[in-house]
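**Q** Can you keep this structure in mind? I'll have questions shortly.
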């Protein structure tokens, strides 16, 4: 027995000493090949629902497909304000304006004369799709995997099980095919309704395709591929192999921004055909699971219960890091790789992390290259100076961790249903009630309590970074704020109470009946944090003597109430699709009313003067005239207060020293190709931060040995005596 104990102890010491020369014992990637080029380690908390570019519309989906698909245009990575540049297109599109007779108009033509706008796009020859089984062909040119039998499908469980892969050149027809997919009965794209309003003939194509689809179902029973190459869109035409044209009704200059979104990325018909096979669909091998693009990366592994892996596309075309940026970019090291071939990172590993604490621990150990800042780790990472400046704690700085902050191009607002008989309408009484509530609801306090200071109180509808947003005294909401000591200060609560009296509710009671004013706040509730927020809202209204009744429900029910106009007061938000003021002001345009037209005007606000100015502003060029129109629009909605403008969130990001070429870009979806990892430096730091400390264990083992040696000696002596 004692011999066995001593042997085990000896072996333990040997193993511990041997481990001193290896990798850290807590390395979560132990056993993987970590020397095969630069690898970026990131995380995700929820699997992307859609990876089909015609369907995806969420940030976690774009984080993946933005690296795989290449629409015609992209945003310059470094320049600000945001600038569009070519991506899969050879150059920025040529835009022409036409009258009803098809005659070209000058660029400065009046909007009412423009019957349609024409975008002619040329693409770069020689671009190849990523290697994929959908393109694999036999020696005779026949597609290998488009009509698979049950026997052939038997050994297939994931895309990598296919032995052969092929590719082909990107052509103009691939872009046109994707536009057709936006209205396909098989796709259900979230932007189909919007695009039917603008792209000439898209609605007619949808109707004809739906009719043909029903006939196809009767004849084939889904046994074959429903081919969208049949049929034409009047406003979308292939000119030749590398050129195509899109015609838009009237003038819609914001359309060029859509050309930088995955909705307009090319799609090969072969991919659609390959994934249409029921046998593959049954195995969850679909376009929503395995994208097919021309971008710098391909999705090599999709196991959303564990990890997702992007790998460098071996057929990626020539692309180079920007040669210029903003003043100061060179000093920050953001131009060190100017002109070098992209991408720099060979592999991106996304690990499923549902809990924030283990995720944060791995970041501090160097096993994740970047991190957000959750409320659990905020105080450990961030500190504020006496002047309110944000900085890192000494512990973070000692590790060489960097902080990046940016006010997002988003707004969270409190909306009033303008169809409601109490808080809605355009009467002076209702307007003053909304203004009084606007003063009382202290969003600066909300930002401090619930966001750890990560936000900026909104003075109007436009976030920083969008043309028309103004800083300083010119940009404040003077109905709710005063300009004092070079900063906006929320008006005194006495002003709100006076407005409430003028609205007919002294001390929060209706003057006519004496009854307390009770208002209803419709919200979604899913956890303990929501309860604290809802209690906070109650307290804000209670400042005026108003009773706020919370009606919490699930998100689907909440959406239904908004859609039907049954909500009274609610919180909602909007994130910019593109960096143009039209993308925010349209949220209050009368024709976009949620109840009347199913649009994004969730408050159902209607003001004829606002609508008239919006129609003048929306298609204008950025300049003094448009800025004047924006100021007038801001003034109208500040006075009418259909929204309490709430706040613009501020994003906090942490990253390690070895993560290079990082610059906040709130519009670009394809940022990974510009970034770099210094793997050698990272490995050094990982070993330094995670080196196991064995000497206490060794010391304990030695002490145990000192105890056991005399025991063993006595035991041996007794054995000898017994033998004698």
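**Q** Can you name the condition, by its number, that residue 138 falls short on among (1) buried (at least 16 other Cβ atoms within 10 Å of the Cβ); (2) out of contact with any strand residue (DSSP E or B) (no Cβ under 7 Å at 6 or more places or on another chain)?
**A** With (1) buried (at least 16 other Cβ atoms within 10 Å of the Cβ); (2) out of contact with any strand residue (DSSP E or B) (no Cβ under 7 Å at 6 or more places or on another chain) applied to residue 138, the lone miss is (1).
**Q** Going residue by residue through segment 619-631, is there one that turns out to be touching a residue at least 60 places away in the same chain (Cβ under 8 Å), crowded, with 20+ Cβ neighbours inside 10 Å and not in a loop (DSSP other than H, G, I, E, B)?
**A** Checked against the condition, which is being touching a residue at least 60 places away in the same chain (Cβ under 8 Å), crowded, with 20+ Cβ neighbours inside 10 Å and not in a loop (DSSP other than H, G, I, E, B), segment 619-631 yields at least one hit.
**Q** Tell me which residues, restricted to segment 471-513, are in contact with a helix residue (DSSP H, G or I) (Cβ under 9 Å, 6 or more places away or on another chain), loosely packed, with under 14 Cβ neighbours inside 10 Å and assigned to a loop (DSSP other than H, G, I, E, B).
**A** Matches in segment 471-513: 486, 492, 511.
**Q** Shifting gears a bit: Is one or more of the residues making up segment 359-366 at pLDDT below 95, under 21 Å from the mean Cα position of the chain (by Cα) and part of a strand (DSSP E or B)?
**A** No, because not a single residue in segment 359-366 is at pLDDT below 95, under 21 Å from the mean Cα position of the chain (by Cα) and part of a strand (DSSP E or B).
**Q** Filter segment 595-618 for residues that are assigned to a helix (DSSP H, G or I) and in contact (Cβ under 8 Å) with a residue 24 or more places away in the chain and give the result.
**A** We begin by selecting, within segment 595-618, every residue assigned to a helix (DSSP H, G or I); these are 595-597, 608-617.
Passing the criteria: 595, 609, 610, 614, 617.
Rundown of residues vs (1) in contact (Cβ under 8 Å) with a residue 40 or more places away in the chain; (2) surrounded by 18 or more Cβ atoms within 10 Å (Cβ to Cβ), yes/no style:
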| position | (1), (2) |
| --- | --- |
| 183 | no, yes |
| 194 | no, no |
| 208 | no, no |
| 230 | no, no |
| 238 | yes, no |
| 244 | yes, yes |
| 249 | yes, no |
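**Q** Could you check segment 381-401 and list, in sequence order, the residues that are touching a strand residue (DSSP E or B) at 6+ places or on another chain (Cβ under 7 Å) and surrounded by fewer than 16 Cβ atoms within 10 Å (Cβ to Cβ)?
**A** Of everything in segment 381-401, those that are touching a strand residue (DSSP E or B) at 6+ places or on another chain (Cβ under 7 Å) and surrounded by fewer than 16 Cβ atoms within 10 Å (Cβ to Cβ) turn out to be 383, 384, 385, 390, 391, 393.
**Q** Now a separate question. Please list, ordered by residue number, the helices (runs of 4 or more DSSP H) wholly in segment 145-260 having 1 or more residues that are closer than 30 Å to residue 98 by Cα. Walk me through how you get there before you give the answer.
**A** Numbers: elements: 150-153, 172-181, 192-198, 202-220, 255-258.
It comes to 172-181, 192-198, 202-220, 255-258.
**Q** What are the residues in segment 388-419 that are part of a strand (DSSP E or B) and over 23 Å from the mean Cα position of the chain (by Cα), if any?
**A** Applying the first criterion (part of a strand (DSSP E or B)) to segment 388-419 yields 390-392, 402-407, 410-416.
Across segment 388-419, the qualifying residues are 390, 391, 392, 415, 416.
**Q** For segment 649-685, how many residues are within 25 Å of residue 75 (Cα to Cα) and part of a helix (DSSP H, G or I)?
**A** Total meeting the criteria: 4.
**Q** Would you mind stating whether residue 522 is surrounded by fewer than 19 Cβ atoms within 10 Å (Cβ to Cβ) and in a strand (DSSP E or B)? Working first, answer last.
**A** Working: surrounded by fewer than 19 Cβ atoms within 10 Å (Cβ to Cβ): no; in a strand (DSSP E or B): yes.
Taking the combined requirement at face value, the residue does not satisfy it.
**Q** Do the conditions hold for residue 259, that is, is it within 30 Å of residue 81 (Cβ to Cβ), buried (at least 20 other Cβ atoms within 10 Å of the Cβ) and out of contact with any helix residue (DSSP H, G or I) (no Cβ under 9 Å at 6 or more places or on another chain)?
**A** Numbers: within 30 Å of residue 81 (Cβ to Cβ): yes; buried (at least 20 other Cβ atoms within 10 Å of the Cβ): yes; out of contact with any helix residue (DSSP H, G or I) (no Cβ under 9 Å at 6 or more places or on another chain): yes.
Judged against the criteria, residue 259 is a match.
**Q** Does residue 603 satisfy the condition of being modelled with pLDDT under 90 and surrounded by 15 or more Cβ atoms within 10 Å (Cβ to Cβ)?
**A** Working: modelled with pLDDT under 90: no; surrounded by 15 or more Cβ atoms within 10 Å (Cβ to Cβ): yes.
Spelling it out, it is not the case that residue 603 is modelled with pLDDT under 90 and surrounded by 15 or more Cβ atoms within 10 Å (Cβ to Cβ).
**Q** In addition: Out of 557, 538, which single residue is modelled with pLDDT of 95 or more and assigned to a helix (DSSP H, G or I)?
**A** Details: 557 fails: modelled with pLDDT of 95 or more.
Of 557, 538, the one residue that is modelled with pLDDT of 95 or more and assigned to a helix (DSSP H, G or I) is 538.
The values are calculated or read from the model by the stated rules, or taken from the named source; none is laboratory data. A quick note: this is a predicted structure, and the numbers were derived from the prediction, not measured. Cβ coordinates were reconstructed from backbone atoms using ideal geometry, including for glycine residues, and neighbour counts include every protein chain displayed.
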